[in-house]
Amino acid sequence: MTLTQDRAAELRALYPPWVIWQSDIGRWWAMRGGGLSLALRDRGAVATVDADDLESLTDLITTQEQIRREAS
């Protein structure tokens with residue numbers, strides 16, 4: 001595995017509800033598993049995030065998880 005693949009595996013382990021992949025042009029994507037309630041959407045939660053690199057994707061997922069925790 002490359003360092004990037006290792007980091008992606010770590011990210012998947014940290015956020016198991018999220019499906020994480022890299023597109024064929026190198027952009028990183030994450031899609032939230034399960035449903036997305038109206039209450040979460042009203043707070044700014046989204047089902048899918050994307051970024052140019054894994055660090056930015058991690059930040060986006062972390063923000064989304066914070067929204068979910070605050071809504072609980």
Hey, residue 69 hits all of (1) surrounded by 13 or more Cβ atoms within 10 Å (Cβ to Cβ); (2) in a helix (DSSP H, G or I) but one; which does it fall short on? (1)
Residue selected from region 27-40 under the condition at pLDDT 95 or above and of a type outside the set (A, V, I, L, M, F, W, C), by the criterion surrounded by the most Cβ atoms within 10 Å (Cβ to Cβ): 32
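Can residue 26 be described as on the phi > 0 side of the Ramachandran plot, in a loop (DSSP other than H, G, I, E, B) and among the small types (Gly, Ala, Ser)?
Working: on the phi > 0 side of the Ramachandran plot: yes; in a loop (DSSP other than H, G, I, E, B): yes; among the small types (Gly, Ala, Ser): yes.
Considered against the rule, which asks whether it is on the phi > 0 side of the Ramachandran plot, in a loop (DSSP other than H, G, I, E, B) and among the small types (Gly, Ala, Ser), residue 26 comes out as yes.
Evaluate the following for residue 39: is it over 21 Å from residue 72 (Cα atoms) and small (Gly, Ala, Ser)?
Working: over 21 Å from residue 72 (Cα atoms): no; small (Gly, Ala, Ser): yes.
No: the conditions fail for residue 39.
Residues in region 50-62 that are of a type in the set (Ser, Thr, Tyr) and exposed (fewer than 14 other Cβ atoms within 10 Å of the Cβ): how many?
2
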Can you tell me which residues in region 19-32 are over 16 Å from residue 66 (Cβ atoms) and within 10 Å of the chain's Cα centre (by Cα)? 19, 20, 21, 28, 29, 31
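From the residues in region 42-65 that are assigned to a strand (DSSP E or B) and not charged (D, E, K, R), which one is farthest from the chain's Cα centre (by Cα)?
It comes out as 51.
The values are calculated or read from the model by the stated rules, or taken from the named source; none is laboratory data. Model, not experiment: these values are computed from the prediction. Cβ atoms come from the backbone with ideal geometry, glycine included; neighbour counts cover every protein chain shown.
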